[in-house]
1. Using R₀ = 30 Å, calculate the FRET efficiency as 1/(1 + (r/R₀)^6) where r is the Cβ-Cβ separation of A:GLU225 and B:ASN181; round to 0.05.
2. Give the average over all directions of the projected area of the C-alpha convex hull of chain A, one decimal, in nm².
3. Using only the C-alpha atoms of chain B, find the volume of their convex hull and express it per residue in Å³.
4. Report the antiparallel proportion of the DSSP beta bridges in chain A as a percent, rounded to a multiple of 5.
5. In whole Hz and in residue order, list the ³J(HN,Hα) couplings for region A:190-204 that follow from phi through the Karplus curve 6.51 cos²θ - 1.76 cosθ + 1.60, θ = phi - 60°; x for Gly and Pro.
6. When the helix-only estimate is applied to chain A (DSSP H runs of n ≥ 4, each -39,500 (n - 2.57), divided by the residue count), what is the mean residue ellipticity at 222 nm, nearest 500 deg cm²/dmol?
7. Under the rule of at least 5 residues apart or a separate chain, name every residue whose amide H is placed under 5 Å from the amide H of A:SER218.
8. Decide, for region B:157-267, between rounded, prolate and oblate: order the square roots of the alpha carbon gyration tensor eigenvalues as a ≥ b ≥ c, take rounded if a/c falls under 1.5, and otherwise choose prolate if a/b is larger than b/c, else oblate.
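Taken together, the values in this text are just the output of simple stated rules run on the coordinates, not laboratory data. Since we're looking at a predicted model, the values are computed, not measured. When we count neighbours, we look across all protein chains shown, and the Cβ atoms used for this are built from the backbone with ideal geometry, even at glycine.
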Amino acid sequence: MIEVRGLSKNYGSTPALREVDLHVPRGEFCVVLGPSGAGKSTLLRCINRLTEPSAGDIRIGGKRVTGERRQLREIRRHLGMIFQDHNLVPRLSVLKNVLTGRLASMPVLASLLQWFPETDIDIALQCLGRVDLADKAYSRADRLSGGEQQRVGIARALAQQPGAILADEPVASLDPKTARVVLGDLRRAARELGIAVLCNLHQVEYATEFADRIIGVSSGRVVFEGAPGTLDESALERIYPGLARHNGESHPSAPGVAA
Amino acid sequence: MSSGYRFVLGRPRGIGTIAGCVLIAGIVAALLTWSAQALGLSLGELLKGLPWIGDLLSRMLPPNWSFARRLWQPVLETVQIAVWGTLFGVLLALPLAWLGARNLSPNRVVFHLTRQVFNLARGINEIIFALVFVAAVGLGPFAGILALSVHGAGMLGKFFAEQMEEADRGPIEALRATGANAAHTLVFGVLPQVLPGWIASTLYRLEVNLRTSTILGMVGAGGIGFELVSSLKLFQYQDTAVCVLVILALVMAADYFSSKLRARILD
């Protein structure tokens, strides 16, 4: 579903991504694991071209993202994104926020005048149901808790009826309990609906707990790829260079390293 | 451990820097003194003139309350000028604001051009605009409304544009990522964020317009200002007093209600 080949991104002369290849099939929950500044965000943002890649070929469901701008909107329509700070529109209701996920599929003029097709409203409500927030549909988005807001973010992405979802550190600002609810919701929906998920995380714990497969990134390069069970000490050392030296001093970016 | 006080500047400075500061202070003082002389600032003149102020004030008393009956119509007109002036100002400002917002403007040239239009409209006083429009459409409130509209569009356009520039980029980016088009992004991503600020700015502009529309009449552009000036010219100072008091009440009421409303909206 998500195919990336030879993706590179330079900021000026500083390389952020170097020749990244990856492939995520339908229904897989693939975690990109790596320290802050490894290029995880850049990788995700290049895939839907919120950031312009410097080189490489990116395809979603076989369609080239790196082609013409014109086609980009059509590809984005079926490519959901979940942000670290959820990026909901404050002051809008939860339902309307989820409906924004369907805007690209609606008649423009009617929706600008706040007339939405019943079918789209039904889809939005269903997606809210998937994250257990159907009862909050008419609350203002900025009145919800952080965890609830992120689940609305998931519902918005699901409302796009996407083939793939990009999740950029979706639980970075949540407490451990809420983070597990959010990641659980995302993984369940992805499995049931056959969506390919590429999810950035920096916590090893969550990666081993939720991922079908882990891709380790360090300094803009893929340094590990495999099932959670194969993520051993040496793999971690490649992803988090210098981690072993700090072990016993409880390294902040790797809580409870899985052996 | 020592006690006492120490004078602490930002960071330790050499004697050269201090000398520089003293020099600048000296230059500023010299400039102020020079301009005060040129402008005829003089406490003595003011003190000498005080009895004349007292004389004028005494001639205003007691206010001629019966004159108030004749002011209903002009007061109503003043408020109407302010309301229509604000409405036209908003309508003019809305499309311009979008062109003048750095993050939404179609290109740099349009952005800078629009900002200059705002500066021009704001830079020229309403009274000057009123004189121009009186010449164009004749004496009366319509000229006043046009004057307030143009000046207000400059101010509101700038405020609206700056509020759009300050809108959180996150939600806008999220909308773009769903494949939504520019119009959708504006209506669902930007508008909900800026609308409270826009309403607050508009209310503030209404306050300003009400204050200004009380003097537009001085140049024949409608409203209570005309009564004020005529009573002064006819030496009917007791009538003038009533005009001033009515204007005061009007402006205070507008400020009160507008600030109450703004506080509620911005919550």
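1. Working: r = 37 Å, r/R0 = 1.24.
Rounded to the nearest 0.05, the efficiency is 0.20.
2. On the way: hull surface 56.6 nm².
If I average the Cα hull's projected area over directions, I get 14.1 nm².
3. Value for chain B: 291 Å³ per residue.
4. Values: 20 of 37 bridges.
Around 55 percent of the beta bridges assigned by DSSP in chain A are antiparallel ones.
5. After applying 6.51 cos²θ - 1.76 cosθ + 1.60, I find 4, 5, 5, 9, x, 9, 7, 10, 10, 10, 7, 9, 10, 9, 4 Hz.
6. Working: 10 runs with 91 residues, N = 259.
So the helix-based figure for chain A works out to -10000 deg cm²/dmol.
7. A:VAL223
8. Here region B:157-267 falls in the prolate category.
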